[in-house]
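Working notes for the structure below.
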Amino acid sequence: MNRIKELRQKNNLTLRELGKKVDMSSSRISQYETGKREPKLETWKKLANFFGVSVPYLQGIEAYSENDIFKIMQDSYKHGTKGKTYTVNGVINLDFLDVLIRCAIDQLMLVRSVSSYLENKKRGAKPSKIEISQNDASNLDFWKKNFSFMLNDPSIKLLLKTGKEQKLEVKRIIANVINLEVNQEINQYSHEEFFKGMSDFIKAKQIATPEDQNNLANAGVLTMLDVLGKMDKQDSNE
């Protein structure tokens, strides 16, 4: 069953009122709602544009849900470890888009670690990397709580109105949204302030692995990690 009636009622419109707005008779719309008459593609598009949804969604095709978005993130984080593979029905598989999402999430957690440190530095806080535990990773509520910003992004909102059969790169969209959040977190501070915060993390050996350094560089926080080493040496000599 299509969603014409559902959206019409959600917008508090009678058949007559909707008909006036889209230049159709109320009886014609009623037939569309009950399935007695099938709209042409142009009509689907006209109604979909009016309600601000996709044609597949209006047609009643199953759309992505909020839980779907977080479940994709959760699964990609589990399977997107660099250099590792997992099996599906005994077949080795590694989805590059899973790796993109995993890297974006790791970048965000590192940036949030630095942000938390900078916010609490005056109260004596020490650099401490925020990590996702196995228990957190397996808990869907963790993803909903800590990544709720996903649902505010226009591209995610569009996904929630799009039929699952559409050939969209959903994982790439999710990775891009997380990367945007990384940039917003960074832009709360001056480059100098954030750069110094990163230096403190490295000196405290909280950013010690090549993976951590690469994630930060890929996030656009640092593009020249050797500069950090020079800063550390200079601080040590002072």
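The values are calculated or read from the model by the stated rules, or taken from the named source; none is laboratory data. A quick note: this is a predicted structure, and the numbers were derived from the prediction, not measured. Positions of Cβ are backbone-derived with ideal geometry, glycine not excepted, and every protein chain shown enters the neighbour counts. Each accessible area value is taken on the protein alone, full model and side chains, heavy atoms only, with ligands, DNA and RNA left out. Shrake-Rupley method; radii C 1.70, N 1.55, O 1.52, S 1.80 Å.
Which residue pairs have Cβ atoms under 9 Å apart, sit 6 or more places apart or on different chains, and have a first residue in the range 152-169 that is among the β-branched types (Val, Ile, Thr) and a second that is in a helix (DSSP H, G or I) and at pLDDT below 85?
From residues that are among the β-branched types (Val, Ile, Thr), the pairs are THR162/PRO56; THR162/TYR57.
For the range 21-49, enumerate the residues that are surrounded by 12 or more Cβ atoms within 10 Å (Cβ to Cβ), aliphatic (A, V, I, L, M) and assigned to a helix (DSSP H, G or I).
Hits for the range 21-49 are VAL22, ILE29, LEU47, ALA48.
In the set LEU94, LEU108, LEU100, which member is modelled with pLDDT under 95, closer than 24 Å to ASP212 by Cα and touching a strand residue (DSSP E or B) at 6+ places or on another chain (Cβ under 8 Å)? Spell out how you get there, then give the answer.
Numbers: LEU108 fails: touching a strand residue (DSSP E or B) at 6+ places or on another chain (Cβ under 8 Å); LEU100 fails: touching a strand residue (DSSP E or B) at 6+ places or on another chain (Cβ under 8 Å).
Residue meeting the stated conditions: LEU94.
Which number in (1) at pLDDT 85 or above; (2) open to solvent by 60 Å² or more (accessible area, probe 1.4 Å); (3) among the small types (Gly, Ala, Ser) marks the one condition that GLY52 misses?
Failed condition: (2).
Could you figure out which of (1) assigned to a helix (DSSP H, G or I); (2) out of contact with any Asp or Glu (no Cβ under 8 Å at 6 or more places or on another chain); (3) modelled with pLDDT under 95 isn't true of GLY60?
(1)
If ASP98 meets every condition in (1) over 17 Å from ILE207 (Cα atoms); (2) of a type in the set (Asp, Glu); (3) crowded, with 19+ Cβ neighbours inside 10 Å; (4) out of contact with any Ser or Thr (no Cβ under 8 Å at 6 or more places or on another chain) apart from one, which number is that one?
Against the list (1) over 17 Å from ILE207 (Cα atoms); (2) of a type in the set (Asp, Glu); (3) crowded, with 19+ Cβ neighbours inside 10 Å; (4) out of contact with any Ser or Thr (no Cβ under 8 Å at 6 or more places or on another chain), ASP98 comes up short only on (4).
Take the conditions open to solvent by 40 Å² or more (accessible area, probe 1.4 Å), closer than 13 Å to GLN107 by Cα, modelled with pLDDT under 85 and charged (D, E, K, R) and apply them to GLU238. Does it pass? Can you show your working first?
Details: open to solvent by 40 Å² or more (accessible area, probe 1.4 Å): yes; closer than 13 Å to GLN107 by Cα: no; modelled with pLDDT under 85: yes; charged (D, E, K, R): yes.
Considered against the rule, which asks whether it is open to solvent by 40 Å² or more (accessible area, probe 1.4 Å), closer than 13 Å to GLN107 by Cα, modelled with pLDDT under 85 and charged (D, E, K, R), GLU238 comes out as no.
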